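Nothing in this text is a laboratory measurement; each read-out follows from the coordinates by a stated rule. Given the structure is predicted, the values throughout are model-derived calculations rather than measurements. Cβ: placed from backbone, ideal geometry, glycine included. Neighbour counts: every protein chain shown.
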Amino acid sequence: MRLFIAIDIPQDLKDVLSRLLLKLKKSDVDAKWVLTQNLHLSLKFLGEVDEAKIKNIEEILDSAGKQFSSLELNFEKFGFFPDEKRPRVFFVATDKEEELKKIYSFLEDNLQKLDFVKEERFKSHITLARFRSQRNTEALKKQIESIAIKGKFQANEITLFKSILKPQGPTYEKIASVLLK
């Protein structure tokens with residue numbers, strides 16, 4: 001099954017982002033916009049995982065929950081991966097990069113013991129869209145200059161999600177969640 005670890009976003013903020021995305025879609029960029037119910041802050045994409053490993057992953061999440069405290073996260077600014085000149089992903093960043101990086105590093109170190117490939121790069125973000133081409137990305141960049149992104153939420157838990165790929169887009173199902181101390 002296809003899995004990832006993330007911090008879910010409260011529904012009220014998903015709704016705020018959804019209304020914002022409706023405005024941003026007017027820029028007519030060639031992008032696949034993330035569905036409201038799928039908005040989340042990714043910590044680690046695991047990919048295809050044998051069901052036998054889920055219990056071990058849950059134990060790692062449980063350890064993370066005991067080690068790390070909940071965080072108040074604020075939306076900080078918009079951004080692009082890999083960069084603004086040739087964007088492939090449009091996102092909103094959060095303000096607790098260092099704290100989230102500690103959680104990410106803990107997960108990476110422990111998941112490596114289960115033979116997951118360790119990645120060194122991390123940027124806390126909520127993906128809003130994935131670009132298919134560069135059409136009208138300049139219009140989007142101009143549009144976001146005048147938008148002050150606001151939103152804050154308490155990140156109280158880490159969740160293991162199952163991603164089910166469908167023709168109309170992925171759906172996410174919670175497999176396990178652990179509270180942060």
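Shape of region 89-168 from the C-alpha gyration tensor: prolate (a/c of 1.5 or more and a/b above b/c, with a ≥ b ≥ c the square roots of its eigenvalues).
For residue 95, neighbours were defined as the other residues whose beta-carbon sits under 12 Å from its Cβ, and their charges (Lys and Arg +1, Asp and Glu -1) total -1. Once you reduce region 149-181 and region 83-97 to the center of their Cα atoms, the two points are 19 Å from each other.
Here the Karplus relation 6.51 cos²θ - 1.76 cosθ + 1.60, evaluated at θ = phi - 60°, turns the backbone of region 175-180 into coupling constants of 9, 7, 9, 10, 6, 7 Hz, with x for every Gly and Pro.
With the convex hull drawn around the C-alpha atoms of region 1-121, the volume per residue stands at 134 Å³. Can you give the local net charge around residue 115? Use residues other than it whose beta-carbon is closer than 11 angstrom to its beta-carbon, Lys and Arg +1, Asp and Glu -1. It works out to a net charge of +2. Projecting the Cα atoms of 172, 136, 70 onto the charge dipole of the chain (Cβ charges, centred on the Cα centre) puts 136 farthest toward the positive pole.
Across region 20-25, coupling constants 3J(HN,Hα) worked out from phi with the 6.51/-1.76/1.60 Karplus curve, θ = phi - 60°, read 5, 4, 4, 5, 5, 5 Hz, and Gly and Pro carry x. Exceeding 32 Å between C-alpha atoms, which entries from my cross-link table qualify? They are 141/174; 113/150; 53/141; 55/101; 32/66. Listed pairs above 32 Å: 141/174; 113/150; 53/141; 32/66.
Karplus-based coupling profile of region 158-171, in residue order and whole Hz: 10, 10, 9, 10, 9, 9, 10, 7, 9, x, 7, x, x, 10, with θ = phi - 60° in 6.51 cos²θ - 1.76 cosθ + 1.60 and x standing for Gly or Pro.
The protection proxy used here, the mean number of other Cβ atoms lying within 10 Å of each residue, ranks peptides 16-23, 168-175 as follows, highest first: 16-23, 168-175. The residues neighbouring residue 34, those whose beta-carbon lies less than 12 Å from its own, together hold a net charge of +4 under the Lys/Arg +1, Asp/Glu -1 convention. Amide hydrogen proximity for residue 95: with H placed 1.01 Å from N in the peptide plane, the residues at 5 or more positions away or on another chain lying under 5 Å are 74, 76.
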